[in-house]
Amino acid sequence: MRVIRKKRDFIDGTSASSDLAFLLIIYFMVTAAFNINRGFIVTLPAKDSSRMILKDDLLRFELDGIGRLFFQDKFTDRAEAERTIRSALAYNPNIAVMLSVDPLSPWQQVVSFVELAQALEVESFSFSMKGAAGGER
């Protein structure tokens, strides 16, 4: 007696879906590794916080319209600013650094100063833009 076997075309839909899901997961994991954050993290104070900073605990720097850095109304370079901040932090680790920026100042100078403050691990850092009349905004 001869047994006749029928060929069945059996397509498992769940197997194809799970393979596709697995491949998509791998794809997104690999591409997520290429997303590099080149910014810096700034911790902003809470909206309702009121922190008092004494005048002696505040270092004020200014950037003029062509990118020159001033401290106490005297021209200073980046190395001198670093020494000033470093010595102030050694004396008082809770020192606050403030940068006042002219709107025409090159933004690379602003970024360089922020990176300096970050490298020196300044915990309290603030910067503001000068208004058109020279006042703060």
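Run the quick spin-label model on Leu23 and Glu115: label points 7 Å from Cα toward the beta carbon, then report their separation in nm to one decimal.
It works out to 4.2 nm between the two label points.
Contour minus end-to-end for Ala32 and Trp107, with contour as 0.36 nm per residue of separation and end-to-end as the Cα-Cα distance?
24.1 nm
Since every read-out is calculated from the coordinates, none of them should be taken as a lab result. Note that the structure is a prediction, hence the values are computed from the model and not measured. Cβ: placed from backbone, ideal geometry, glycine included. Neighbour counts: every protein chain shown.
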